[in-house]
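The values are calculated or read from the model by the stated rules, or taken from the named source; none is laboratory data. What you see is a predicted model, and the numbers here were worked out from it, not measured in a lab. Note that each Cβ is placed from the backbone with ideal geometry, even for glycine, and that neighbours are counted across all protein chains shown. Just the protein is used for accessible areas: all its heavy atoms, side chains included, with ligands, DNA and RNA removed. Shrake-Rupley method; radii C 1.70, N 1.55, O 1.52, S 1.80 Å.
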Amino acid sequence: MLVFLWLLADGTRPYLHSDKPVYVDIQRGMRTREIADLLEGAGVIRSRWTFLAWHRLQFGRSLKAGEYDFAEKTSALEVLAKLVRGDVSFERLTILEGWTRFDIAKEVAAHGFSSAEEFLAATENASIIADLDPEAETLEGYLFPDSYNLPRHARPNDIIAMTAAMRAGIGAIRQA
């Protein structure tokens, strides 16, 4: 009974060792103990043992991979719930209709994903659309305008995966 009371007290007490937001990247395939160590080392939770005990008491519900941000003092139970729900941190990137790849590169750079030059270099590889347009030299016209929630550490090739949305649209048109 005393152990449960201690877990309850320690698990519900808010904690964050930093005055600045803390970002933690949970990699796919990480074990719960590794995640607990990472969270404790980053100053997000006070004790990995409390976190592990609560995880076990909640029947080992799976923790979702991704990057998480912790900006406020949060209890170990709240941190655990956030990882179970998969409330990962995203940066919203909006591509407006009519933008060229140069406009998109400026926006990508403004969000800190990469330099404009790095993004432009990635858009010069048209192999991803060779089946749609074998003559294409760049991805100009194939980067679908929309708003995208991207992980903060998304790289140009991750962003270029936006062409998948264009592919889905082209596939729907061809089937109609």
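Data for the structure
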quantity	calculated
Of all residues making up the stretch 54-75, the number that are touching a residue at least 60 places away in the same chain (Cβ under 8 Å), out of contact with any Lys or Arg (no Cβ under 7 Å at 6 or more places or on another chain) and either hydroxyl-bearing (Ser, Thr, Tyr) or assigned to a helix (DSSP H, G or I) (or both)	1
Qualifying positions in the stretch 23-40 - in contact (Cβ under 8 Å) with a residue 60 or more places away in the chain and surrounded by fewer than 16 Cβ atoms within 10 Å (Cβ to Cβ)	23
The stretch 107-157, subset open to solvent by 70 Å² or more (accessible area, probe 1.4 Å) and in a strand (DSSP E or B), residue farthest from residue 66 (Cα to Cα)	146
Selection within the stretch 43-53 - under 12 Å from residue 33 (Cα atoms) and either in contact (Cβ under 8 Å) with a residue 24 or more places away in the chain or assigned to a loop (DSSP other than H, G, I, E, B) (or both)	47, 50, 51, 53
From 84, 79, residue being surrounded by 13 or more Cβ atoms within 10 Å (Cβ to Cβ), in contact with a helix residue (DSSP H, G or I) (Cβ under 7 Å, 6 or more places away or on another chain), outside any loop (DSSP other than H, G, I, E, B) and in contact (Cβ under 8 Å) with a residue 24 or more places away in the chain	79
Single condition residue 48 does not satisfy, out of (1) within 30 Å of residue 146 (Cβ to Cβ); (2) open to solvent by 20 Å² or more (accessible area, probe 1.4 Å)	(1)
